[in-house]
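The values are calculated or read from the model by the stated rules, or taken from the named source; none is laboratory data. Just so it is clear, the model here is predicted, and its values are computed rather than measured. Glycine also receives a Cβ, built like all others from the backbone with ideal geometry; neighbour counts cover every protein chain displayed.
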Amino acid sequence: MTILRLRGFEIHKGLLDPAGQRAVLDDVRAVVKSAPFFRPVTPGGQKMSVRMTSAGKYGWMTDSKGYRYAEAHPDGQVWPAIPDRIMAIWDQLTGLERKPECCLINYYAVDAKMGMHQDRDEADFRWPVVSVSLGDEALFRIGGQKRGGKTDSVWLQSGDVVVMGGEARLNHHGVDRIRAGSSKLLPKGGRINLTMRVVD
């Protein structure tokens, strides 16, 4: 396994082998069966191109009320627990006793993207965010803590895991595009991204 360091982000290339990817995907499917994907809308009324759901104590939400964490799915049910196999990735890469309270699950179809943003709805930015990629490759772009300026990009492949922490915890980042057909993991193509966050 190779570890790339880009603007303070640690990119663990191929952390999950094909069997590990399939196992985590099975866990994701169990979560989605309980808490189905939904298409979020920004406070400005724009429908996001990704579909999302969550596991854990909280799920990340956006709607007319703003960006926030919520204790229930839009259909009113509580979120399912974060699967042990996914939590083990956090343990392996962070070594922290503190555990994430949210695992946000985003599904990117081939035409989906994610604009440059910071993860800043959490209470304490000392804790890292751990991001797992499954399925088709994504062009991941990283900037600085201020919007604009020079950025760097890297292709994230299925099984790659990114740790966003330390001084880079509030760096802007986003997904410019998906490379359709680059993975056979998801039968219908696309990419699934899991991000584990400490919320409280």
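I82 is checked against (1) touching a strand residue (DSSP E or B) at 6+ places or on another chain (Cβ under 8 Å); (2) under 22 Å from G159 (Cα atoms); (3) loosely packed, with under 13 Cβ neighbours inside 10 Å and fails just one. What number does that condition carry?
(3)
Taking region 153-193, which residues are part of a strand (DSSP E or B) and free of Cβ contacts under 8 Å to residues at least 60 places away in the same chain?
S153, W155, R179
Taking region 114-143, which residues are out of contact with any Leu (no Cβ under 9 Å at 6 or more places or on another chain), of a type outside the set (A, V, I, L, M, F, W, C) and either at positive phi or not in a strand (DSSP E or B) (or both)?
Those that are out of contact with any Leu (no Cβ under 9 Å at 6 or more places or on another chain), of a type outside the set (A, V, I, L, M, F, W, C) and either at positive phi or not in a strand (DSSP E or B) (or both): D121, E122, D124, R126, G143.
Can you spot a residue in region 70-78 that is touching a strand residue (DSSP E or B) at 6+ places or on another chain (Cβ under 9 Å) and closer than 22 Å to A138 by Cα?
No, that holds for no residue.
Check every one of the strands (runs of 3 or more DSSP E) wholly within region 2-94 and list those with 1 or more residues that are without any contact (Cβ under 8 Å) to a residue 12 or more places away in the chain.
Counting at least 1 such residues, we get 2-6.
Which residue is nearest to L96 (Cα to Cα), if the candidates are limited to region 118-157 and must be surrounded by 16 or more Cβ atoms within 10 Å (Cβ to Cβ) and among the acidic types (D, E)?
In this case the residue turns out to be E122.
Taking F9 as meeting all but one of (1) at negative phi; (2) surrounded by fewer than 19 Cβ atoms within 10 Å (Cβ to Cβ), write down the number of the exception.
Every listed condition holds for F9 apart from (2).
Evaluate the following for S64: is it buried (at least 19 other Cβ atoms within 10 Å of the Cβ) and among the polar types (S, T, N, Q)?
No; evaluated as a whole, the condition is false for this residue.
Among the hydroxyl-bearing types (S, T, Y) and modelled with pLDDT under 95: which single residue out of S54, S34, S64 fits that description?
Of the residues listed, the single one that is among the hydroxyl-bearing types (S, T, Y) and modelled with pLDDT under 95 is S64.
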